Each structure stands twice: as structure tokens, then as C-alpha cells.
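The values are calculated or read from the model by the stated rules, or taken from the named source; none is laboratory data. What you see is a predicted model; the values in this text were computed from it and never measured. All Cβ positions, glycine included, derive from the backbone under ideal geometry; neighbour counts span all protein chains shown. Calculation scope for accessible area: heavy atoms of the full protein, side chains included, ligands and nucleic acids excluded. Shrake-Rupley method; radii C 1.70, N 1.55, O 1.52, S 1.80 Å.
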Amino acid sequence: MADAPARPLLSAAAIWRVADLLRGGMEPVEYGPVILAFTMLRRLELSRARPACWLDAVACSSDPVGRLDRLIAGLPASVRDILSHLEVMPLARRLARTGRLAAMAAHFAALDLSPARYGSEAMARLFEELVHHFATSQRTGAHFTPPEVTDLMVDLVFAPDGPGTHHALYDPTAGTGALLGRAADRLLARGVTVDLFGQEIGLRACALCRADMLLRGHAPGHIASGDTLAHDGHAGRRFARMLSNPPFGLDWRHIRDTIQAEHARGNAGRFAPGLPRVSDGSMLFMLHLVAHMRGRRAGGARIGVVTHGAALSGGGPESGESAIRRYLVDQGLIDTIIALPTDMFVNTGIATYVWILDNNRPAARRDRVRLVDATGLWQRAPSGSGEKRREMTQAHIAAVVQACMVDTAMDIIRCDGTDGTPESWQVLAHDIPAPDGAMDGRRIAFSRILPRREFLYHSLTVMRPARDDAPARTAFRVGMEHDPQAWFSQMIRPYDPEAWLDTGRTGIGCAISFARYFSHDAPARPLAEIEADLRQSMARLVALMPDGNDAEPE
């Protein structure tokens with residue numbers, strides 16, 4: 001059964017009704033900030049033990065700007081800071097100059113937008129809707145993590161924690177707080193409590209996140225403002241649990257000097273293992289998270305982080321990406337990597353992955369990495385979900401968690417519908433036969449547990465005599481089980497006596513390939529079916545020829 005979709009804070013139709021009140025008095029790019037500001041004011045007044053009537057008072061006042069200014073001045077400093085970053089007063093003055101402030105206040109005063117009715121996830125979706133409608137130069141999805149991805153990361157990162165456990169939970173790319181808020185709600189249902197910490201670069205998103213923390217009874221000051229990579233808002237603090245969905249393809253050339261300076265500090269900084277290309281800094285967030293892990297002696301830490309495919313294999317053997325992966329592998333930090341279905345994020349259809357990092361795994365597991373191929377567990381997203389086309393249900397999440405909780409490789413027997421959607425599935429250990437009466441489906445690899453050295457390789461450069469003033473050079477990737485010189489003597493020298501191995505260019509790279517261990521090939525079609533299709537195709541071709549209707553294909 002499909003999960004019930006989250007209730008929108010304001011429907012698209014409701015957003016446009018508010019926009020009608022603003023049309024002619026403000027630029028369309030300002031509609032979104034106004035709606036956010038008044039939505040947050042309404043939520044704040046409804047969240048009090050005795051709900052306030054701030055907006056009613058503004059709507060009825062002969063001096064609505066002055067009344068709103070006095071109301072805000074009487075609020076706690078933490079609330080004033082949030083409303084300042086949402087630019088409530090500058091927007092209110094703009095509305096007053098066009099005679100729209102009282103009407104806007106009255107409109108929102110009549111709406112039930114209480115936090116008890118609509119949680120932080122609804123606020124995040126509203127943010128996305130407003131960006132989508134009124135800031136077309138930006139791409140949606142930059143701030144919002146699909147709820148099922150959050151659920152999956154929470155279940156895996158907090159797998160060791162039972163009822164009564166209390167942890168500090170940190171998200172360095174907090175956005176509007178949807179990931180932290182949903183995680184806290186899911187954990188509370190299991191009897192696990194968390195103190196929430198984060199950092200966010202966008203001023204409005206940070207203000208919304210702080211407001212959500214305030215409404216939840218958490219400290220808004222735990223959400224730092226600013227660029228996490230350039231200025232660590234929680235420097236010196238260590239966390240037991242961390243979750244993050246960093247932006248994909250983040251260009252960091254504008255802070256290159258700062259990042260390179262911290263890299264030069266070696267282990268005293270966050271980026272000692274390596275620096276990725278400046279056009280994609282997503283792996284810098286992974287190093288940032290690792291730097292914030294609580295030490296093993298204090299109980300260790302677990303991380304859940306979303307990446308795109310380049311984090312697994314992008315860059316050559318000498319690249320910063322490869323160096324970062326090798327550091328994670330050498331340190332035994334990678335517990336599990338899960339391949340997610342495509343088209344789950346509203347801003348991209350590319351392949352995405354969840355990494356689970358752990359610096360306190362049992363000794364027997366420290367030398368191994370689990371890969372889980374969950375690309376086939378999805379259902380179609382309901383209409384009205386924007387660019388999001390697929391989603392995972394709680395049953396899909398449970399199947400992935402099941403595979404991650406055992407120390408053996410797992411297979412899945414899957415029956416797909418005509419549109420490719422899995423209609424039913426069964427997860428079972430790789431080394432046992434399918435039970436009698438098992439569903440009539442394809443058995444394919446679901447999880448594999450591999451030695452961490454499996455992902456390392458020798459990068460070998462074979463040279464040949466110069467031709468046209470340039471030596472011929474060929475690069476090879478060779479498994480770590482081979483001695484480079486022995487491999488060259490056996491595989492190259494007998495067939496090219498003039499070639500030599502350039503030992504000065506020999507290195508060790510690191511790449512993680514799902515395609516190597518999981519096959520997505522469709523089963524072979526029966527020969528009779530193929531022949532029938534060919535006959536039909538030939539018949540259609542013959543019919544297109546002159547006098548084709550009278551011809552018969554052989």
C-alpha cells in the first residue's frame with residue numbers, strides 16, 4: 001500500500017490566491033518572501049500556549065506597520081532574529097505603501113497553519129513550491145530531501161539505538177530543517193530523543209530552520225548561519241549521529257583559497273585527505289562530517305549522507321575524489337552504500353546513493369563494505385509531486401534495512417509489472433535456495449559484502465618508444481592482487497618487447513562500482529517470441545513497399 005502523501009502547508013491554488021493580493025504592488029520575485037514571512041508569523045502566533053492574535057491586531061489597526069513593529073519588538077531576541085532574516089518589516093513597509101498590508105494580515109489570520117497540523121516537512125515543501133513558482137532562475141530541490149530517504153538514513157544510522165537513547169544529531173546542510181525535523185519525529189516514535197544541530201548558508205532557509213527548532217522546543221541557536229565549508233559553525237564539536245543531503249555539483253572556486261588553506265593544515269583541518277575538483281565540492285561535505293565524528297573511545301559516530309554517482313568513481317587515480325575514497329576505505333569508515341531508485345529527487349533524475357559511515361564497527365566488520373542495490377524498489381509518485389517521478393514506501397525501506405542488518409549477502413526475488421514497477425518481492429540469503437512456492441520472479445543480487453581492498457587498484461602506465469616526437473602512453477587499472485612488475489612481464493612484455501613500465505607513474509586509486517557486482521540485464525526473451533516479432537516487423541515493411549499488400553514475407 002502506498003504511503004499517504006504529506007499534506008501541503010499551502011496548496012498551489014492557495015499560493016496563487018495570495019499572489020493575487022500582491023499583484024500590481026510588488027514584483028513577482030517578492031511574492032515568495034512575503035508568503036514565507038506571513039506564514040511564519042501565523043505559525044508562531046498559533047504555537048503559543050495561548051494563541052496570540054498578532055495578525056488580527058495588525059489587520060484592524062489604523063497604523064498596521066507601527067502595530068506590527070511594536071509586536072515584533074516585544075518578542076524574544078531569538079524570534080526577532082528569525083523575523084529579521086525573513087525581512088518581515090521591510091516587506092511589511094512595502095505592502096503598506098501600496099495599501100496591502102492590512103489585507104495580507106487579515107488573509108493569513110484566517111488560515112490554520114499551526115505546527116501541530118503541519119510539520120517541518122510541510123514547511124519545506126512550501127519553500128520548494130515558492131521557489132518553483134516565483135524564482136525560476138533557481139532549481140527546486142536544493143533544500144528538500146525526499147522523506148523516504150530521510151527515513152532510510154534514520155533507520156540505518158540509529159540502528160544500534162534503543163528506547164531511552166539520547167544523542168546529538170547534526171546536519172551541516174540543514175536547509176529549512178525538514179531532514180532534522182522528520183528524523184526527530186521518527187526517532188521519538190521509537191523512544192529515541194535527539195538534540196538538533198545544523199548549519200545553513202541561505203539566510204531565509206536558515207531563518208525557517210531556526211523557527212522550526214523554536215516551534216519544536218529546541219534551541220534555535222544550534223542552527224548556525226553561513227557557508228559550512230568556508231566557516232564551520234560548530235568547529236570543535238563532535239557528534240554521535242549525523243545526516244546530510246549536500247548539494248550536488250557544488251562549485252567552490254569562490255572559496256578556493258580558504259579550502260586550500262585548511263587542506264594545507266593537514267590533520268589539523270577538515271580536508272587533509274584530498275580536495276575534489278572545484279566544479280563539484282560535494283565530497284568536501286563528507287570530509288566535514290568525518291571531521292565531526294565523535295571518537296571511538298567516546299562511543300563512536302554514525303553518518304548517513306546522500307551523494308551522486310561521481311562520489312563513487314569520479315576522477316582518476318591521482319584525483320582528489322580518489323584520494324578521499326581511499327582514505328575512507330583505508331580507515332574502515334564505510335559500512336554500507338545503497339543505490340537508490342532514480343527520479344526520486346525533484347531536481348534531478350541522476351543516480352543517487354546513501355552512504356553509511358561508522359568509526360566504531362566491530363573488528364570483524366571493519367575490513368568489509370556492504371553494497372545494496374535498491375534501484376528496483378520503488379513505486380510511481382502520485383501526480384502533483386512536481387518532477388519527482390518515483391518514491392520508496394515503508395515496505396521498500398524495511399527490505400533495505402533487513403539486508404543491512406545481517407552479515408551475509410542477500411538476493412531478492414522480484415516480480416515486476418508491465419511498467420517495470422515491482423509488484424512483489426522477497427528478500428533471502430544468497431546461499432540458500434528459493435523456498436517452495438516462492439513467487440514466480442527473477443532472482444537477482446540485492447546486497448553484497450566485499451573486502452575493502454576490492455575497491456583499490458594499481459594505476460599502471462606503460463610506455464612505448466617515441467613516435468612523431470611523442471612517446472606512446474597507455475594507462476591500465478590492475479587489481480591489488482597483482483604485483484605491478486609481474487603483471488607487466490606477463491601481460492605486456494611478451495607482446496610488445498619495446499614497451500616498459502613507467503614506475504614513476506605507478507599509483508593506487510580507489511573506485512566503487514555497483515555495475516561490477518549487480519546485473520540489471522533483462523532475462524533473454526524466448527526465441528519463438530523474437531521470431532514472431534521479426535515476422536511482424538517484416539510484414540509491416542513489405543506492406544510499405546509498392547504493391548506490398550500483395551506480397552508475403554518469407
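Only one residue in Arg326, Arg368 is surrounded by fewer than 21 Cβ atoms within 10 Å (Cβ to Cβ) and either in contact with a Phe, Trp or Tyr (Cβ under 6 Å, 6 or more places away or on another chain) or under 21 Å from Cys404 (Cα atoms) (or both). Which one?
Working: Arg326 fails: either in contact with a Phe, Trp or Tyr (Cβ under 6 Å, 6 or more places away or on another chain) or under 21 Å from Cys404 (Cα atoms) (or both).
Within the list Arg326, Arg368, the selection yields Arg368.
Quick one: how many residues across region 94-134 are under 22 Å from Ala174 (Cβ atoms) and within 26 Å of the chain's Cα centre (by Cα)?
16
Taking Arg464 and the conditions (1) touching a Lys or Arg at 6+ places or on another chain (Cβ under 8 Å); (2) without any contact (Cβ under 8 Å) to a residue 60 or more places away in the chain; (3) more than 30 Å from Arg326 (Cβ to Cβ), which numbered condition does it fall short on, given that it satisfies the others?
(3)
What are the residues in region 346-360 that are open to solvent by 10 Å² or more (accessible area, probe 1.4 Å) and either aromatic (Phe, Trp, Tyr) or in a loop (DSSP other than H, G, I, E, B) (or both), if any?
Here is the first cut: in region 346-360, the residues open to solvent by 10 Å² or more (accessible area, probe 1.4 Å) are 346-351, 353, 358-360.
Within region 346-360, Val346, Asn347, Gly349, Ile350, Ala351, Tyr353, Asn359, Asn360 meet the criteria.
Would you mind stating whether Phe108 is open to solvent by 10 Å² or more (accessible area, probe 1.4 Å) and either in contact with a His (Cβ under 7 Å, 6 or more places away or on another chain) or modelled with pLDDT under 95 (or both)? Outline the logic, then answer.
Values: open to solvent by 10 Å² or more (accessible area, probe 1.4 Å): no; either in contact with a His (Cβ under 7 Å, 6 or more places away or on another chain) or modelled with pLDDT under 95 (or both): yes.
Considered against the rule, which asks whether it is open to solvent by 10 Å² or more (accessible area, probe 1.4 Å) and either in contact with a His (Cβ under 7 Å, 6 or more places away or on another chain) or modelled with pLDDT under 95 (or both), Phe108 comes out as no.
May I ask you to list pairs of residues, at least six apart or on different chains, whose Cβ atoms are under 7 Å apart, with the first in region 1-26 being more than 16 Å from Glu128 (Cβ to Cβ) and modelled with pLDDT under 80 and the second being open to solvent by 60 Å² or more (accessible area, probe 1.4 Å) and part of a helix (DSSP H, G or I)?
Asp3/Gln394
Of everything in region 301-314 that's farther than 13 Å from Ile356 by Cβ and of a type outside the set (S, T, N, Q), which residue is most open to solvent (accessible area, probe 1.4 Å)? If you could, list the steps in order and put the result at the bottom.
Residues of region 301-314 farther than 13 Å from Ile356 by Cβ: 308-314.
Pick out the ones that are also of a type outside the set (S, T, N, Q) and you get 308-312, 314.
Details: His308: 20, Gly309: 27, Ala310: 42, Ala311: 1, Leu312: 4, Gly314: 14 Å².
Looking at residues that are farther than 13 Å from Ile356 by Cβ and of a type outside the set (S, T, N, Q), I get Ala310.
Which of the residues belonging to region 388-421 are part of a strand (DSSP E or B) and open to solvent by 40 Å² or more (accessible area, probe 1.4 Å)? Quick ask: steps written out before the conclusion?
Narrowing region 388-421 to residues part of a strand (DSSP E or B): 390-391, 410-416.
Result: Arg390, Arg414, Asp416.
Please verify whether region 171-179 includes one or more residues that are assigned to a helix (DSSP H, G or I) and either crowded, with 22+ Cβ neighbours inside 10 Å or in contact with a helix residue (DSSP H, G or I) (Cβ under 6 Å, 6 or more places away or on another chain) (or both).
Let us first name the residues in region 171-179 that are assigned to a helix (DSSP H, G or I), namely 178-179.
From the residues that got through so far, the ones that are either crowded, with 22+ Cβ neighbours inside 10 Å or in contact with a helix residue (DSSP H, G or I) (Cβ under 6 Å, 6 or more places away or on another chain) (or both) too are 178-179.
Yes, region 171-179 contains a residue that is assigned to a helix (DSSP H, G or I) and either crowded, with 22+ Cβ neighbours inside 10 Å or in contact with a helix residue (DSSP H, G or I) (Cβ under 6 Å, 6 or more places away or on another chain) (or both).
Taking the residues in region 525-554 that are open to solvent by less than 100 Å² (accessible area, probe 1.4 Å) and part of a loop (DSSP other than H, G, I, E, B) as candidates, determine which candidate is modelled with the highest pLDDT.
In this case the residue turns out to be Pro526.
Hey, does region 76-90 have a residue that's surrounded by 17 or more Cβ atoms within 10 Å (Cβ to Cβ), under 18 Å from Val18 (Cβ atoms), touching a residue at least 12 places away in the same chain (Cβ under 8 Å) and touching a Phe, Trp or Tyr at 6+ places or on another chain (Cβ under 6 Å)?
Checked against the condition, which is being surrounded by 17 or more Cβ atoms within 10 Å (Cβ to Cβ), under 18 Å from Val18 (Cβ atoms), touching a residue at least 12 places away in the same chain (Cβ under 8 Å) and touching a Phe, Trp or Tyr at 6+ places or on another chain (Cβ under 6 Å), region 76-90 yields no hits at all.
Here's the yes/no breakdown for (1) buried (at least 20 other Cβ atoms within 10 Å of the Cβ); (2) modelled with pLDDT under 85:
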{"position": "Ser120", "(1), (2)": "yes, yes"}
{"position": "Leu126", "(1), (2)": "yes, yes"}
{"position": "Leu130", "(1), (2)": "yes, yes"}
{"position": "Ala135", "(1), (2)": "no, yes"}
{"position": "Gln138", "(1), (2)": "no, yes"}
{"position": "His143", "(1), (2)": "yes, yes"}
{"position": "Pro147", "(1), (2)": "yes, no"}
{"position": "Met153", "(1), (2)": "yes, no"}
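From the list Phe488, Phe476, which residue is in a strand (DSSP E or B) and over 30 Å from Trp378 (Cβ atoms)?
On the way: Phe488 fails: in a strand (DSSP E or B).
Sole residue among the options that is in a strand (DSSP E or B) and over 30 Å from Trp378 (Cβ atoms): Phe476.
When you scan region 25-45, do you find a residue that is under 33 Å from the mean Cα position of the chain (by Cα) and not in a helix (DSSP H, G or I), even just one? Explain how you work it out, then say what you get.
Within region 25-45, the subset under 33 Å from the mean Cα position of the chain (by Cα) is 27-45.
Subsequent filtering for residues that are not in a helix (DSSP H, G or I) retains 27.
So far as region 25-45 goes, yes, one or more of its residues are under 33 Å from the mean Cα position of the chain (by Cα) and not in a helix (DSSP H, G or I).
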